[in-house]
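Quick notes on the structure that follows.
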Amino acid sequence: MTSNVGGIDKIARIVVGLALIAFALLAPASLGWKWIGWIGVVPLATAFLNFCPAYTLLGINTCPIDKR
């Protein structure tokens, strides 16, 4: 698994992931869209693994170390 997620991209994924999870945890229970916050796990996982499967399919690489 080759790294394809770079610095700014990684920070953005962490911020978005934490914001979505915070929404899931802190939103009122009566809100029907609360479940969508748990999608924040995906950007967090891709940030910490430095690998995004969608980037591989699209041929994108934001990692400056492993540019091809």
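Here are the numbers for the structure shown:
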{"item": "Among (1) modelled with pLDDT of 95 or more; (2) out of contact with any helix residue (DSSP H, G or I) (no Cβ under 7 Å at 6 or more places or on another chain) - the single one residue 30 does not satisfy", "result": "(1)"}
{"item": "Boolean, residue 16 is modelled with pLDDT of 95 or more, farther than 22 Å from residue 2 by Cβ and in contact with a helix residue (DSSP H, G or I) (Cβ under 9 Å, 6 or more places away or on another chain)", "result": "yes"}
{"item": "Residues that are touching a helix residue (DSSP H, G or I) at 6+ places or on another chain (Cβ under 8 Å) and not aliphatic (A, V, I, L, M), drawn from the range 33-47", "result": "34, 35, 37, 38, 40, 43, 46"}
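The values are calculated or read from the model by the stated rules, or taken from the named source; none is laboratory data. Because the structure is predicted, anything quoted here is derived from the model rather than measured. Glycine gets a Cβ as well: all are built from the backbone with ideal geometry, and neighbour counts include every protein chain shown.
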